[in-house]
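One structure is given here, and the rest of the page talks about it.
The values are calculated or read from the model by the stated rules, or taken from the named source; none is laboratory data. Everything numeric here is computed off the predicted structure, so don't read it as measured data. Cβ placement follows ideal geometry from the backbone for every residue including glycine, while neighbour counts extend to all protein chains displayed. Heavy atoms of the whole protein, side chains included, go into the accessibility calculation; ligands, DNA and RNA do not. Shrake-Rupley method; radii C 1.70, N 1.55, O 1.52, S 1.80 Å.
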Amino acid sequence: MNKTSRRERRAELMLFLLAMIWGGSFVAAKFTMESFDVYWVMVLRFFIGAFALWVLFPGEHKKVDRTTLRGGAEVGILLGIGTAFQMVGLRYTTPANQTFIIVSYVITVPLLHYAVSGIKPGKNIMLAAVFTIVGVGFLTIGPSFRLNIGDVLTFVMALLFAVQMIRIDYWMPQVESSIIFTMAQLIAAGVISLVLFFIYGGRMQIAPLTTASVGGLIYMVVLNTAVAFFLQNYAQRYASPEKSALIISSESLFGTFAAYFFAGEEFYAKKIVGCVLILIGQFLAQVLPMIRKMAREKKINT
């Protein structure tokens, strides 16, 4: 395995770790919002996440430059606005509907990337995307599924997330420090969130603190924000946007497991079918190309 291939495999493993973290965030957010205003949670996670990166990586401070700040701010604005559409959309739709609609980025990312770069997505990527969306549908959609204004707003958020991934792919080769880029991204998103809190938020704390709500907040700030966005930004140096979107979409799978183990949700046959379909999608996107490549290399060597 050459150096480029090793970097790609490492990036894909980082994206799977990111998907695991974001999958757990569904449960963590549920616990957190039992005590804190949702917009205040956004403010805390973005600003404290940026501060944590600044404190933990002092060696990166000297790598601040205009390109990194500009790129990070642009992606952060997309993140903040997208989160706003998600939060407003959630007022009119269900979390299940929203999860399903958001994962539409596995289709929009490769199409947008093709429109911008002219690089056609592989057939296995598009087929994997179809399996993934159908799988997420089995995981989330119930008999009460109805499209409404909240679903439209959620789809706008999914489009913004797709654009965000394309812009990360554009900026990352130009920046020296993924840490500084992530900090700029989080600060910009934090500013957007602060504005939203003053417009739509209520009290910072809406109920007494509990161990679960404090633990959930720590998870949202440290893992779901500081660690997760760094993993995404760094990994997209070496992983294509369409592959990144497919791997990250497995957060629905991890979120289902987290809900079962930590929130007591039922794990019935329909969800098992959804998990299997998502795993098939990941196989088509990740494992099958490696098997084909190894077969070609073996044929050449013999």
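Through the Karplus equation 6.51 cos²θ - 1.76 cosθ + 1.60, θ set to phi - 60°, convert the phi angles of segment 213-227 into ³J(HN,Hα) values in whole Hz; use x for Gly and Pro.
Rounded to whole hertz, the list is 5, 5, x, x, 5, 4, 4, 5, 6, 7, 7, 6, 10, 4, 6.
Kindly sort Glu242, Glu266, Glu60 by accessible area of their heavy atoms, largest first, with the probe set to 1.4 Å.
Glu266, Glu60, Glu242
Between Arg66 and Asn148, 0.36 nm times their residue separation minus their Cα-Cα distance comes to what?
Separation in residues times 0.36 nm, less the Cα-Cα distance, equals 25.4 nm.
What residues have an amide H closer than 5 Å to that of Phe36, excluding those fewer than 5 places away on the same chain, when H is modeled at 1.01 Å from N in the peptide plane?
Result for Phe36 returns Ile206.
Can you give the extra length, in nm with one decimal, that the chain gains between Tyr92 and Val195 once fully stretched, where that is 0.36 nm per residue apart less the Cα-Cα distance?
35.0 nm
Under a point spin-label approximation (7 Å from Cα along Cα-to-Cβ), what is the Trp54-Ile206 distance to one decimal in nm?
About 2.9 nm separates the two model spin labels.
Work out from phi, with θ = phi - 60° and the Karplus expression 6.51 cos²θ - 1.76 cosθ + 1.60, the ³J(HN,Hα) of each residue of segment 63-71, listed in order in whole Hz, and give x for Gly and Pro.
Running phi through 6.51 cos²θ - 1.76 cosθ + 1.60 with θ = phi - 60° gives 9, 5, 8, 4, 4, 5, 5, 5, x Hz.
Can you give the accessible area of His61 in Å² (nearest 10), computed on protein heavy atoms with a 1.4 Å probe?
60 Å²
Under a 1.4 Å probe, what is the accessible area of segment 1-105 per residue, stated in Å²?
48 Å²
Can you list the HN-Hα couplings for segment 50-61, worked out from phi with the Karplus curve (6.51, -1.76, 1.60; θ = phi - 60°), rounded to whole Hz and with x for Gly and Pro?
Result, ordered by residue: 5, 4, 4, 5, 4, 6, 6, 10, x, x, 8, 4 Hz.
Rounded to two decimals, what is the ratio between the C-alpha radius of gyration of segment 123-250 and 2.2 N^0.38 Å?
Relative to the rule-of-thumb radius for its length, segment 123-250 sits at 1.27.
How many Å² of accessible area per residue for segment 194-249, probe 1.4 Å?
43 Å²
Two decimals is fine: what is log10 I(q)/I(0) at q = 0.18, 0.19, 0.21, 0.35 Å⁻¹ for segment 182-222, from a Debye sum with one equal scatterer on every Cα and no solvent?
-0.70, -0.77, -0.87, -1.01
As an exercise, use a Förster radius of 22 Å and the Cβ-Cβ distance of Gln174 and Val222 to find the FRET efficiency, rounded to the nearest 0.05.
For R0 = 22 Å, the calculated efficiency reads 0.20.
I need the calculated FRET efficiency for the pair Tyr268 and Leu17, taking r as the beta carbon distance and R₀ as 30 Å, to the nearest 0.05.
Efficiency at R0 = 30 Å is approximately 0.60.
So, with a 1.4 angstrom probe, what is the percent of accessible area on segment 186-259 that is carbon and sulfur?
Heavy-atom surface of segment 186-259 belonging to carbon and sulfur, 1.4 Å probe: 75 percent.
How large, in percent, is the carbon and sulfur part of the accessible surface of segment 54-163 at a probe radius of 1.4 Å?
The nonpolar share, carbon plus sulfur, comes to 72 percent.
Report, in debye and to the nearest 20, how large the dipole of the chain comes out about its Cα centre when Lys and Arg carry +1 and Asp and Glu carry -1 on their Cβ.
I would put it at about 1020 debye.
With all distinct Cα pairs included, what does the Kirkwood hydrodynamic radius of the chain come out to in Å, to one decimal, could you say?
After inverting the mean inverse Cα-Cα distance, the result is 19.9 Å.
Taking H as built 1.01 Å from N, whose amide H comes closer than 5 Å to the amide H of Ser240, not counting residues under 5 places away?
Amide H to amide H, under 5 Å and 5 or more residues apart or across chains, Ser240 pairs with nothing.
Rounded to whole Å and ordered largest first, report the semi-axes of the equivalent ellipsoid of segment 43-164 derived from its Cα gyration tensor (root of 5λ).
They are 31, 21, 13 Å, listed largest first.
With a 1.4 Å probe and every protein chain left in place, tell me how much accessible area Arg296 has, in Å² to the nearest 10.
140 Å²
Taking a probe of 1.4 angstrom, what is the accessible area of Met220 in Å², to the nearest 10?
Approximately 10 Å² of Met220 is accessible to the 1.4 Å probe.
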